[in-house]
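Presented below is the structure to which this report refers.
The values are calculated or read from the model by the stated rules, or taken from the named source; none is laboratory data. On a predicted model such as this, the values are computed, not experimentally measured, just so you know. Virtual Cβ from ideal backbone geometry, glycine too; neighbours counted across all protein chains shown. The area values use the complete protein model at the heavy-atom level, side chains included, leaving out ligands, DNA and RNA. Shrake-Rupley method; radii C 1.70, N 1.55, O 1.52, S 1.80 Å.
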Amino acid sequence: MERKVEKKMGENKMKISGKRLLWKAAALVTGAAILAGWIMTGRAGISKKDQKIYASAQKLQPEVDRLGFQNFKMADYPVTMYDGKKDYVFYQGEIKERAPVLETFAGTAYPVEDHFEVIVPTLDKLDSLMSLTGGVEDMISGSGYGEKEQIATIWHETFHAWQMSHYAILGEKMEPSELTAALESDNTGESEDEILVKAVDQKDDVKKAVEQEMKTLKALTAEVSIDEVKKGVLEYRKSVGERRKQMPKEAVEAEERCELTEGTAYYVEANVLKMQSKSGQKYQERYLDSMGQFEGGRGKYYRTGMAKCMILDKIDPGWEDRIDFSKSLDTLLDEAVR
C-alpha cells in the first residue's frame, strides 16, 4: 500500500542509503520523533470498527500458523493505529493512548524504544488521505480497500516486525535503537528506489528483461507439473544471471533484499486476504492477476518475491519452516532444483 503513497508524498520522505533503508522508512514524515509517555485509555477513543479489525486479525493466528513460519505471532508485537491525532496501541489485551510516534501514510513496522511495532493508519484516516491525494492512482489494486485488506496489511507489517526482531537479513541485522538512529540521521545517500530506477527502470534492455522474467514467474506459479516448474526455474535463473551482469552490485543486492523482505511479507499478506475470502475473487484480482505487472522502483519486487514464494511451495514444501533470511529467494530456488 505504501508504494504509491510515497510517490505522492515524496517530498516528505526521508532519504536513507540502501544499506540502511529497511523496508518501511518511506512511510515517515520528516521530523517525526518518538515521544515518551503512555496514557491508559478506555475503548471510547478508538472506533469499534478498528477494534473489530484488530480482533479479527488476531483470530486468524491458527490459520497463519499453517503457513509454516516458526514462532510468527501477532501477539508478540504491539499493533498501533494512528487516527491523525493520537496513537492507539493494542498489546497484551490492553489499548493504550499516546502521542503519535510518527505520522504515517501507510502501514509500517517501526522501531519504538527497544522493540518493533506495527503502525497503520485507521481506515478513516486512510480514506481522508486518499481523498487529499486525489485517490492515489493505482495505490490499491483490485476491488478497493476495506477491513479485510486492512487486516492483511496488519499481518504484512507484523511479518516485518518478526523479521527485524529475530533475523539478520542477508547477513545484516539492526537493533531497534540502531535503526531509529539511522532513520533520524541527515543522510543524503540514494534510496533503494533510486538505485533500482537508475539500474532497471531507466535501462530499456534491463527493463525489458525484467518484464519477461515477471511473465515467466507468473506462468510458473500456475504450472501444475513439478518437473516443468523446475525446468522453468533453471531457465529463469540463467536469464536473471545474464541480466544482472549488466547491473551494479548495489542494485543486485537491492533486488535480492527487497524480494526477500517485501516479497515474503506480500506472500503473507496475500494469503491472509485469501483466508478471509470465500470466493477467492479479491485474492485473484489483487495478487494473481497483477503478478506480472511491472512497477517502478521497488514495487515490482513485492510481486516477484511473492511469486518465488509460491513456486517454493510447489518445489520445496516446508521452506517456510526453515527460512532464516540469510539466503536470497533465488538461492532457495537454486537449492530446490539441484
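For segment 217-297, just say rounded, prolate or oblate: build the C-alpha gyration tensor, square-root its eigenvalues into a ≥ b ≥ c, call rounded for a/c under 1.5, and beyond that prolate if a/b exceeds b/c, oblate if not. Here segment 217-297 falls in the oblate category. Anisotropy class assigned to segment 178-249 is prolate, per the alpha carbon gyration tensor with a/c at or over the 1.5 cut-off and a/b larger than b/c. Reducing segment 203-263 and segment 276-328 to their Cα centroids gives an inter-centroid distance of 13 Å. Computed from label points 7 Å out along Cα-Cβ, the spacing between residue 334 and residue 321 is 2.5 nm. Residue pairs exceeding 26 angstrom between C-alpha atoms, taken from 207/231; 208/274; 198/238; 173/231: 208/274; 173/231. Go through 73/125; 52/85; 218/282; 59/85 and tell me which ones have a Cα-Cα distance over 23 Å in this structure. Beyond 23 Å between Cα atoms: 73/125; 59/85.
The trypsin sites (Lys or Arg not before Pro) of segment 227-306 meeting both criteria, a DSSP state outside H, G, I, E and B (loop) and at most 15 other C-beta atoms within 10 angstrom of the site's C-beta, are 245, 278. Residues in segment 220-307 average 41 Å² of solvent-accessible surface per residue, probe 1.4 Å, ligands and nucleic acids excluded. Between residue 235 and residue 103, residue separation times 0.36 nm minus the direct Cα-Cα distance comes to 43.1 nm.
In this simple spin-label model, placing a label point 7 Å from the Cα along the Cα-to-Cβ direction at both residue 295 and residue 173 gives a separation of 3.0 nm. For residue 63, project a label point 7 Å along Cα to C-beta. Then give me every residue of segment 270-305 with its amide nitrogen under 20 Å of that point. Only 270-289 fall inside the zone, counting backbone N under 20 Å.
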